[in-house]
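Here's the structure, in structure tokens; my notes come after.
The values are calculated or read from the model by the stated rules, or taken from the named source; none is laboratory data. Everything numeric in this text was worked out from a predicted model, so none of it was measured. When we count neighbours, we look across all protein chains shown, and the Cβ atoms used for this are built from the backbone with ideal geometry, even at glycine. Only protein heavy atoms, including side chains, enter the accessible area calculation; ligands, DNA and RNA are left aside. Shrake-Rupley method; radii C 1.70, N 1.55, O 1.52, S 1.80 Å.
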Amino acid sequence: ATNDHQTANAQGLVKAGGAILIPENLFTAAAVSEQLKTVLGNPNAAKLMAQAVLSCGLPDATVRLANLVTALA
């Protein structure tokens, strides 16, 4: 997003170890490629990242959102 609006959204995943943040002003194809090579070149680290990001998820998010919308309606 313009003006780096997504940084705040990404911070939780980065803090959990499930994502790598590339600041907007450094976001290039080369930077993405380098990060992909790093992650894909280390399967154990990639597995840990996957586990970390899964720990951030809310499996019942759809139900929670539907209940919230229903309550507000």
field: Rel. contact order, % - alpha carbon contacts under 8 angstrom, at least six apart, the chain
entry: 33 percent
message: So, taking all protein chains as they sit and a 1.4 Å probe, how much accessible area belongs to Glu34, in Å² rounded to tens?
response: 100 Å²
Gain upon complete extension [Arg64, Ala19; 0.36 nm per residue less C-alpha separation]: 13.7 nm
- request: Can you pull the one-decimal nm distance between simple spin-label points at Asn42 and Ala71, each 7 Å off the Cα toward Cβ?
  value: 4.1 nm
- line: Expected max-MSF residue from Val32, Val14, Val63 in the GNM of the chain (alpha carbon, under 10 Å) is Val63
- prompt: Rolling a 1.4 angstrom probe over the protein heavy atoms, how many square angstrom per residue are accessible across the range 1-60?
  reply: 76 Å²
query: Label-point separation (nm) for Ala50 and Ala31, each offset 7 Å from Cα along Cα-to-Cβ?
result: 2.7 nm
task: Keeping the other protein chains in place, figure out the carbon and sulfur percent of the accessible area of the chain, with a 1.4 Å probe.
output: 64 percent
- request: Would you pull out the residues with amide H under 5 Å of Ile22's amide H, same chain only if 5 or more places away, H placed 1.01 Å from N?
  value: none
